[in-house]
Amino acid sequence: MNNQPTVIKVCNGAGCNAWDASDILRDLPENVADFLENVKVCEVSCLKSCGGGVSIQLNEDNEKIVKIRKPHQAMDQILPHIASPIRA
Ligand code: FES
């Protein structure tokens, strides 16, 4: 079993900040904690994938840089990449 935390890196470089990265950094840690354990949200500088929204990298995987254009949609866009939600 893998006990390593899932790491979500949220870029707060100039380009991503223009897409309201600070709103994602403010809300995402608490929103993620409501759904998942063992997840860390980290602020990082430029991920060198500028443009088209806030860049979010999952577990150091350059193939999994998600672009968030609307901060309130961050959870909807990130969750499918890091979890299989349990359906009631
Ligand atoms: S400023 Fe965010 S990827 Fe460059």
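For the chain, the strands (runs of 3 or more DSSP E) that sit wholly inside it and include 1 or more residues that are surrounded by fewer than 14 Cβ atoms within 10 Å (Cβ to Cβ) and free of Cβ contacts under 8 Å to residues at least 24 places away in the same chain are 61-68.
The residues of segment 4-28 that are more than 14 Å from Ile82 (Cα to Cα) and more than 16 Å from the ligand (Cβ to nearest atom), listed by number, are Arg26, Asp27.
We did not get these values from a lab; they are worked out from the coordinates using the rules stated. Values in this document were obtained by computation on a predicted structure and should not be read as measured data. As a convention, Cβ positions derive from the backbone with ideal geometry for all residues, glycine included, and neighbour counts pool all protein chains shown.
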